[in-house]
Amino acid sequence: MNSSPYRHRMLPWLLVLPQLAITLVFFIWPASQALWQSVLREDAWGLSQEFVGFENFADLFADPLFLESFRITFVFSFAVAALSMVLSLLLAINADRVVRGNSTYRTLLIWPYAIAPALAGVLWFFMFNPTVGILSWLLKGAGYDWNHHASGTDAMLLVIMAAAWKQISYNFLFFLAGLQAIPKSLIEAAAIDGAGPVRRFWSIILPLLSPTTFFLLVVNVVYAFFDTFGLIHATTEGGPAGATQILVYKVYSDGFVGLDLGGSAAQSVILMTIVIALTVVQFRYVERKVAY
Amino acid sequence: MVENRPILNANSHILLLLGVAVTLLPIWITFVASTHASEELLRAPIPMWPGDQLWQNYAEVLSGGITGAGGVPVGVMMLNSLVMALSIAIGKIAISIIAAYAIVYFRFPFRMGVFWLIFVTLMLPVEVRILPTFKVVADLGMLNSYAGLSIPLIASATATFLFRQFFMTVPKEMVEAARMDGAGPVRFFIDVLLPLSRTNIAALFVILFIYGWNQYLWPLLITTDESYYTVVMGIQRMVSAAEQLPVWNHVMATAMLAMLPPALIVILMQRQFIKGLIETEK
Amino acid sequence: MVAGLEIISGGEILIDGKVVNDLEPAERDIAMVFQNYALYPHMTVERNMAYGLKIRGLPKEEIAERVRRTAGMLELGHLLDRKPRELSGGQRQRVAMGRAIIREPRVFLFDEPLSNLDARLRVQTRLEIHRLQQETGITSLYVTHDQVEAMTLGHRIVVMNNGVAEQVGTPDEIYERPATSFVAGFIGAPPMSLLTATVCDDRRQADIAPGLRLPLPRPVSPGLEIQIGIRPENVLPCNADTGSAMTVEHVEVLGADQIAHLVRDEARLCVRLPRHSRLSAGDTLNIEVQAEAVSMFDQQTGRAI
């Protein structure tokens, strides 16, 4: 706006005050506390605190449990992102193809977005439950003895499936919007040039979809990093034997169960760094719109 | 599409139906399980067709809850969830829209500083700063209260950002015309800007209601008093109980109930939902 | 700035002899018609027009009466319940005017109100604005890039260039005696032909090209380089023995008349000719110019001499 907007001294401050107060009290202050805690160590009775510099971080990176949790987080995140994105792209392409029933499919596919990750976990947990689960029963019939209470792999697969399932609707919506934004004339031009549907997909549609794909990749990874806490907590609780202990879960259990404040804070700081890095990457790419 | 090959079309329909089936299968199984007596859910294979215990199961969980999981009636939990989701959605929209209004329509010192301060919160999900945030809430005496459940989650960079983007697309002549007509900042906001933001508010409401309803970690931390349990987190207690007791029918009925309000909102407000989803992520 | 929407960089603005620099827009008793109309999209035509009055706290009956009268004046009566998006461009423009008129302000501001209309509607609305201004008799400040609007509507025109007022005057003054070469080169379609000329020793003529000499209205010091401007209608074709020969570069046929672009060395001139003149590119035309019809400008400052 070039012209002078309203000239008031107090009013704008009054208007931003609630937002600012909540931001400061519940976001900035705790975040700086976490930063501060991460360089302190408390004795076992919480009586004295000692400044230890980066020792908490050094301890973390020397701790095999933490490194394992790091690895698990990455495996989990990328598996969820890949599985869910491939499935939803497949569905979106077909929904974009069919003229009739397009919006019906959309309605049927989008509403799982509304399901809380924790609930998604519970549903899949029930289907795979070793005693009553319908899917584990089918697997048993096929000769596989599924047990996510005992097998780390089974537990991991369970949370990946549940997390990916919940995210399909979100990815589907964005892929569909992305596909519908591709000018039909481009596709027609390629068809006239003799490119068949498969060829067109690889040489035209996929490159033009790359901004959407990249955006969704970041969103899905962030989702898998943080929003799946409930899913894991409600089902495997990080187990068995830490096989599904992703970083967010570890921050929680170290801090609230293990009461290791410094270590938990240091992990928080690492997580924050990851989120900020992801956000920055996302913004830079969104701004450049991803070169085709 | 370019070609209209019936076989390809049929393929697409089959694939889509398969996708829909995979998406709906867990819901169907949940629903079916919630309509049987607990005795039928002791061992696989469980029935795949609805039973006749629907009303009984739902009535029991709504009023009675599950022993071994605190015994709080699910009806109470649903009410807690509703209060939390509504306060978060309405609170977020209210404080974001006025903050965005101040940032776009006023010049004041540190304006951009304020904007960035708010923007930074976008990068700090609750999950990464749980311990210190929990401590702040505890120190303020807000544990086990609706205020504690909702206020810390009310600040929202996303909503502020969205409203800011929208306000910047409103032609500046609109505010000039209003000033000519003698409308001060408050009147302009109420008479012009607010009605113009209606669709944006509706879209955000859908997204934020779901966000609030589906909160898990936060209520888990700050409610030790069972009467403040929300349904999404309460179900975790029931699952643990169901590992010992044959109450899967009740757990699944609760799961259905927990899904119902957000799912209804998505289906009934589909247009606003899609708009909200796509705009908040821009 | 006049409206009070922008901060004043210097000087004073007076309305009815009162300095209004520090008054809010609404307190200045001004109404404005915006280029993009800026109608409130969520209000009906009626509420759009009534909004300002409602804020001023006028009684309901009076507002209704004024809306009725204004709508009648602008023939908007049947559209009162519509929203702006259900109106055509011309109708929206009328609502925007209605919103201004209904206030009965001391000053009207028009900010290029016709530039979003198509050519036919523009002419029609221009006449309407003219009629309304005369009926209401309210001082109006009308900003436009279109000189036809300026010439037809204005009692006094201010020609602005880069934020500086080049000339203030009636339409006739501005057309006949442009104060600067900018005004000369701006007003008129086509505008004055501007030529660089050197004053001859007799101080009453100037050379614009070798062998091409034009008379000057007043004597000027000899040898001086000046700019001279000539309106196309003041260039007259004549016989070979009295006039100077120029080559026709091209001819634009406008309907009622024709504009011929003439050239001789570096000098270029436009001439307005009757419709049936049979001229085409490459022909030679002899012209003469009356001394009174020539304007002279300082080469450096561009001011009229």
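Residue-level check: of (1) within 30 Å of C:Ala96 (Cα to Cα); (2) surrounded by fewer than 23 Cβ atoms within 10 Å (Cβ to Cβ); (3) touching a helix residue (DSSP H, G or I) at 6+ places or on another chain (Cβ under 6 Å); (4) within 12 Å of chain A (Cβ to nearest Cβ), B:Lys172 misses just (3). Within the set of pairs 6 or more residues apart or between chains, which connect a residue that is assigned to a helix (DSSP H, G or I) inside the stretch C:150-162 to a residue that is among the charged types (D, E, K, R) with Cβ atoms less than 7 Å apart? Close Cβ pairs satisfying both conditions: C:Thr152/C:Arg126; C:Leu153/C:Arg126. It is to be established whether one or more residues within the stretch B:210-217 are over 21 Å from C:Thr44 (Cβ atoms), away from chain A (no Cβ under 14 Å), hydrophobic (A, V, I, L, M, F, W, C) and out of contact with any Cys (no Cβ under 6 Å at 6 or more places or on another chain). The answer is no, given that none of the residues of the stretch B:210-217 is over 21 Å from C:Thr44 (Cβ atoms), away from chain A (no Cβ under 14 Å), hydrophobic (A, V, I, L, M, F, W, C) and out of contact with any Cys (no Cβ under 6 Å at 6 or more places or on another chain). Considered as a group, the residues in the stretch A:120-151 that are facing chain B (nearest Cβ under 7 Å) and in contact (Cβ under 8 Å) with a residue 24 or more places away in the chain include one that is surrounded by the most Cβ atoms within 10 Å (Cβ to Cβ), and that residue is A:Val122. Of all residues in the stretch C:201-218, those being free of Cβ contacts under 8 Å to residues at least 40 places away in the same chain and closer than 16 Å to C:Phe297 by Cβ number 1. Scanning the stretch C:87-108 turns up at least one residue that is more than 18 Å from C:Glu46 (Cβ to Cβ), out of contact with any Pro (no Cβ under 9 Å at 6 or more places or on another chain), in contact (Cβ under 8 Å) with a residue 12 or more places away in the chain and of a type in the set (A, V, I, L, M, F, W, C).
When B:Asp225 is tested against (1) closer than 30 Å to B:Thr169 by Cβ; (2) over 22 Å from the mean Cα position of the chain (by Cα); (3) not small (Gly, Ala, Ser), exactly one condition is not met: (1).
Table: residues versus (1) over 15 Å from the mean Cα position of the chain (by Cα); (2) surrounded by 17 or more Cβ atoms within 10 Å (Cβ to Cβ); (3) polar (S, T, N, Q).
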{"position": "C:Arg69", "(1), (2), (3)": "yes, no, no"}
{"position": "C:Gly77", "(1), (2), (3)": "yes, no, no"}
{"position": "C:Val95", "(1), (2), (3)": "yes, yes, no"}
{"position": "C:Leu117", "(1), (2), (3)": "yes, yes, no"}
{"position": "C:Glu135", "(1), (2), (3)": "yes, no, no"}
{"position": "C:Val159", "(1), (2), (3)": "no, yes, no"}
{"position": "C:Glu166", "(1), (2), (3)": "no, yes, no"}
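Is it true that A:Ala266 is more than 22 Å from B:Phe119 (Cβ to Cβ) and modelled with pLDDT under 75? Spelling it out, it is not the case that A:Ala266 is more than 22 Å from B:Phe119 (Cβ to Cβ) and modelled with pLDDT under 75. Going residue by residue through the stretch A:68-91, is there one that turns out to be free of Cβ contacts under 8 Å to residues at least 12 places away in the same chain and at the interface with another protein chain (Cβ under 8 Å from one of its Cβ atoms)? Yes: one or more hits.
Could you tell me whether any residue of the stretch C:238-246 is within 21 Å of C:Pro191 (Cβ to Cβ) and β-branched (Val, Ile, Thr)? Looking through the stretch C:238-246, none of the residues is within 21 Å of C:Pro191 (Cβ to Cβ) and β-branched (Val, Ile, Thr).
Give the stretch A:234-265 a look and list any residue that's over 30 Å from A:Val52 (Cβ atoms) and at the interface with chain B (Cβ under 7 Å from one of its Cβ atoms), or say none. Correct list: A:Ala234 only.
So, restricting to helices (runs of 4 or more DSSP H) that lie completely within the stretch A:154-254, which ones have at least 3 residues that are farther than 28 Å from A:Phe70 by Cα? Correct list: A:184-192, A:197-200.
Restricting attention to the stretch B:234-264, the residues that are free of Cβ contacts under 8 Å to residues at least 24 places away in the same chain and at the interface with chain A (Cβ under 7 Å from one of its Cβ atoms) total 4.
Listed by position, the strands (runs of 3 or more DSSP E) contained in the stretch C:221-290 that have at least 3 residues being touching a residue at least 40 places away in the same chain (Cβ under 8 Å) and surrounded by 11 or more Cβ atoms within 10 Å (Cβ to Cβ) are C:225-230, C:235-237, C:244-253, C:267-274, C:284-289. Residues in the stretch C:205-216 include at least one that is under 18 Å from C:Pro178 (Cα atoms) and assigned to a loop (DSSP other than H, G, I, E, B). Restricted to the stretch C:38-56, and to residues there that are outside any helix (DSSP H, G or I) and among the aliphatic types (A, V, I, L, M), the residue that is nearest to the other protein chains (Cβ to nearest Cβ) is C:Ala38. Within the stretch B:180-195, the set of residues being within 7 Å of chain C (Cβ to nearest Cβ) and within 27 Å of the chain's Cα centre (by Cα) comprises B:Pro195 only.
The values are calculated or read from the model by the stated rules, or taken from the named source; none is laboratory data. Everything numeric in this text was worked out from a predicted model, so none of it was measured. No Cβ is skipped: glycine too gets one built from the backbone with ideal geometry, and neighbour counts run over all protein chains shown.
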